[in-house]
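Reading through the structure tokens given below for one structure.
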Amino acid sequence: MKKKLNLIFRSLYNHFGPQHWWPASSPFEVMVGSILTQNTNWANVEKAITNLKKHKVLTPLKIYNLPHHKLARLIRSAGYYNVKARRLKSFLRFFINNYSGSIRKISRVKLAVLRDELLSVKGIGPETADSILLYALNKPVFVIDAYTKRIFSRLKLLPPEASYSEAQTLFMSGLKKDVLLFNEYHALLVVLAKAYCAKSNPKCSLCPLDFC
């Protein structure tokens, strides 16, 4: 399995090249984006983040102190804006109360401890927590999403009903625990899913993983 996982990575990297993820100007922006991207596409998230920047509120304290209706209005483009406004507030309450809104302080916490803490925050599930850990805080944890499950179930490397934990274990046990590798691998799987491995009408004959 280790050889196959590394072969898949090399094939995707050679085909698509480096992806330079996550598209953000600061770790905190990654945190916000990780929450806003739930159940929507990135273009909608970018509009919401641009709006927060335009109104000069893209800091932990400023977002946290915004009245709910104002925050919801600013992130409206991300969809489910009332729900996501509450989730942002819940995360920021945790981030400010426990770490004073400091990236430096939260980055010092061990991966397993911090992951458990993030998962205890209302509205933060495994994918969002791991996105924050990997892309904002440079912790070596592999992010699993629907694209990853789809690709690897079609490759017969995961059962279609595999849980998040089962899918993550496949990568965490089969790859070197390296932030840059996990970052690039996940980004390449997203690109592959969008380019060739759509939910319906996949372009299997054109897929760079046709050898699998």
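The simple Förster model, with R0 at 35 Å and r as the Cβ-Cβ distance, assigns Lys53 and Lys4 a FRET efficiency of 0.25.
If I take every Cα pair under 8 Å that is 6 or more residues apart in the chain, average their sequence separation and divide by the length, what percent do I get for the relative contact order?
Once normalised by length, the contact order is 25 percent.
Membrane-span-like helices in the chain, defined purely by DSSP H runs whose alpha carbon atoms cover 20 Å or more axially and whose average Kyte-Doolittle hydropathy reaches -1.0, are 2-16, 81-99, 179-195. Across all directions, the average flat footprint of the convex hull enclosing the Cα atoms of region 121-212 is 6.5 nm².
Note on Arg86 and Lys156: the extension gain reaches 21.3 nm, defined as 0.36 nm multiplied by sequence separation minus the Cα-Cα distance. Here the Gaussian network model covers the chain, with springs between Cα atoms less than 10 Å apart; of Asn97, Asn201, Asn138, Asn201 fluctuates the most. The gain in end-to-end length when the Lys176 to Ser25 segment is fully stretched comes to 51.6 nm, 0.36 nm per residue minus the alpha carbon separation. The lysine pair tally for region 27-136, using Cα distances under 21 Å and a gap of 8 or more places or different chains, is 28. A simple charge model with +1 on the Cβ of Lys and Arg, -1 on the Cβ of Asp and Glu and nothing else charged puts the dipole of the chain at about 540 debye relative to its Cα centre. If a/c stays under 1.5 just call it rounded; otherwise compare a/b with b/c (prolate if a/b is bigger, oblate if not). Do that for region 1-46, with a ≥ b ≥ c from the square roots of the Cα gyration tensor eigenvalues. The shape class here is prolate. Built from the Cα atoms of region 27-136, the convex hull projects on average onto 5.9 nm², one quarter of its surface area. Using a 10 angstrom Cβ neighbour count of at most 16 plus a DSSP loop assignment to flag exposed trypsin sites (Lys or Arg not before Pro), which longest range of the chain is free of such sites? It works out to 1-55. The Rg/Rh ratio for the chain, using Cα coordinates for both the radius of gyration and the Kirkwood hydrodynamic radius, is 0.98.
Values quoted throughout were computed directly from the atomic coordinates according to the rules given, and no laboratory measurement underlies them. None of these values were measured; they are calculated from a predicted model. Reconstructed Cβ throughout: ideal geometry from the backbone, glycine too, with neighbour counts over all protein chains shown.
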